[in-house]
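What follows is a set of notes on a single structure, which appears directly below.
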Amino acid sequence: MNVVTSGTVLGAKPTDTPDRVTEALGPDFAENSFHDSSMWRDYGMAEFFWHRESAEHPWTGTHFSLQVHRLADCGGKVVNGTIRDRYGRFDRRLRFEKLRRLLERRGTRLVEVPELDVQSPCYRTYWQPDSLVSVTVIGAHEEFMTPDNLRIGDVYRISGPMSPEEVEWRKRQ
């Protein structure tokens, strides 16, 4: 709930530097890159992504993603220790209706946005306009498109930011 309402992961913003994210989430991560201009760090369930013009330029944070679907396979052990220390035990599934209900009690609303054609109807996306966070939910099962171990209505991923421009673009598609 805190990620959806704040747009941060333990205070780490999508635009933060790699060092700042590691300061917030701890040193236990895997670092990945395809080339000198992009990198992401995998902190278990949480991933942060950066880009830079060249090796001489600093990293610029672009987005984060909580890969909630990993809980179904690995349970809470996939969650970064710093996050577990803060929030405790994690269930294998996060039901969207439960998340939505808890957010509404806090006065935080989610708006459904059109799904990309390639993802529809298997996934549905909801957006929190204040924090710019999106929540992707399993909408239907399809072989090779959706994980077998998730049910319709399970949260697949929470990520940010999703800009108002992207929401408007999706509406026009």
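Please work out how much accessible surface Asp130 shows to a 1.4 Å probe, ignoring ligands, DNA and RNA, in Å² rounded to 10.
Roll a 1.4 Å probe over it and Asp130 shows about 140 Å².
What is the gain in length, in nm to one decimal, between Arg105 and Thr17 on full extension, counting 0.36 nm per residue of separation less the C-alpha to C-alpha distance?
Working: separation 88, 0.36 × 88 = 31.68 nm, distance 3.30 nm.
Extra length available between Arg105 and Thr17 comes to 28.4 nm.
Would you work out which of Gly88, Ser120, Met45 lies farthest towards the positive end of the dipole of the chain? Charges go on Cβ: Lys and Arg +1, Asp and Glu -1.
Gly88
Apply the Karplus parameterisation 6.51 cos²θ - 1.76 cosθ + 1.60, with θ equal to phi minus 60°, to every residue of the range 7-22 and state each ³J(HN,Hα) to the nearest whole Hz, in sequence, with x for glycine and proline.
x, 9, 10, 6, x, 7, 8, x, 8, 5, 6, x, 5, 5, 5, 5
In whole Hz and in residue order, list the ³J(HN,Hα) couplings for the range 100-113 that follow from phi through the Karplus curve 6.51 cos²θ - 1.76 cosθ + 1.60, θ = phi - 60°; x for Gly and Pro.
4, 4, 5, 5, 4, 4, 7, x, 9, 9, 10, 10, 6, 10
Residue separation times 0.36 nm, minus the C-alpha to C-alpha distance between Glu56 and Glu142: what's the value? Can you show the working numbers first?
Working: separation 86, 0.36 × 86 = 30.96 nm, distance 4.42 nm.
Gain on extension, Glu56 to Glu142, equals 26.5 nm.
Just name one of Gln67, Leu103, Pro14: the one whose Cα is farthest towards the positive end of the charge dipole of the chain (beta-carbon charges, Lys/Arg +1, Asp/Glu -1).
The listed residue farthest towards the positive side: Leu103.
Please give the per residue accessible area of the chain, computed with a probe of 1.4 Å over protein heavy atoms only, in Å².
Here the per-residue accessible area is 56 Å².
Given R₀ = 35 Å, what would the calculated FRET efficiency be for Phe34 paired with Arg92, taking r from the Cβ atoms and rounding to 0.05?
Values: r = 31 Å, r/R0 = 0.88.
The value I calculate is 0.70.
For Lys77 paired with Gln119, estimate the spin-label separation in nm (one decimal), with each label point 7 Å from Cα along the Cα-to-Cβ line.
Modelled inter-label distance: 3.0 nm.
Using a 1.4 Å probe on the protein chains only, how many percent of the accessible area of the chain belongs to carbon and sulfur?
Details: 4630 of 9600 Å².
The nonpolar share, carbon plus sulfur, comes to 48 percent.
The values are calculated or read from the model by the stated rules, or taken from the named source; none is laboratory data. Treat the numbers as computed from the prediction; the structure is a model and nothing was measured. Using ideal geometry, Cβ is built from the backbone for each residue, glycine included, and neighbour counts are taken over all protein chains shown. Heavy atoms of the whole protein, side chains included, go into the accessibility calculation; ligands, DNA and RNA do not. Shrake-Rupley method; radii C 1.70, N 1.55, O 1.52, S 1.80 Å.
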